[in-house]
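To keep things clear, I will list the structure first and then write my remarks on it.
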Amino acid sequence: MERGREIGEGSASSLREQRNLREKERRMRMKHLFSVLSSHVSPTRRLPVPQLIDQAVSYMIQLKEKVNCLNEKKMSLLRGEVKNRSEGSSLLPKLSIRSRDSVIEMNLVMDLNMKRIMLHKLVSVFEEEGAQVMSANLQNLNDRTFYTIIAQAIICRIGIDPSRIEKRLRDIIS
């Protein structure tokens, strides 16, 4: 009889050890998951678990709101693009020139089906009018071409005449 108890007790203790081992592994896994969560939510400081969970929930809510806002913005832009395509490209080209102090910025949006304009021609207008081009960019996006030029007057006291630059740019565009 005693021998049966020893065997029974041995199996009970091994079951208890297995249970303890599983619980220890579970705790280690949870500790690792909380540390990963903490690195995403609050990488600069370590928070207690209840605060970490609260902060993670609020962070996820903020992200969800941001995604919803961006989806709404995307849909409104797509609706606007469909509307613009149905109207045709009668609104293009769009030329806008802004001047502040001795700096002038030109933005031009053209349809790809329109006459191609070389960026160096636009830059040369600025240089001929006494401006030093600080930045010149050309970007093709969908069916549009975007030109952006930022220039500064070579001599600040003399400045730049935006109306004269605009007239010369419109001559090149048309």
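Derivation of every value follows stated rules applied to the coordinates shown; laboratory data play no part. Computed from a predicted model, the values in this text were never measured in an experiment. Quick reminder, even Gly has a Cβ in these numbers, built from the backbone with ideal geometry, and neighbours come from all protein chains shown.
Side notes on the structure shown:
- Mean Cβ count within 10 Å, highest first, over the residues of peptides 45-54, 13-22, 127-136: 127-136, 45-54, 13-22
- Pairs from the list Lys94/Lys121; Lys73/Lys121; Lys74/Lys115; Lys73/Lys167; Lys121/Lys167 with a Cα-Cα gap above 25 Å: Lys73/Lys121; Lys74/Lys115; Lys73/Lys167.
- Ranked by how many other beta carbons lie within 10 Å on average, peptides 116-124, 68-76 from highest: 116-124, 68-76
- D (Stokes-Einstein, µm²/s), Kirkwood Cα radius, segment 16-174, 1.567 mPa s at 4 °C: 62
- Protection proxy ranking of 147-155, 29-37, 96-104 - average other beta-carbon atoms within 10 Å, highest first: 147-155, 96-104, 29-37
- FRET efficiency for Glu127 and Leu77, using Cβ-Cβ distance with R0 set to 25 Å, rounded to 0.05: 0.10
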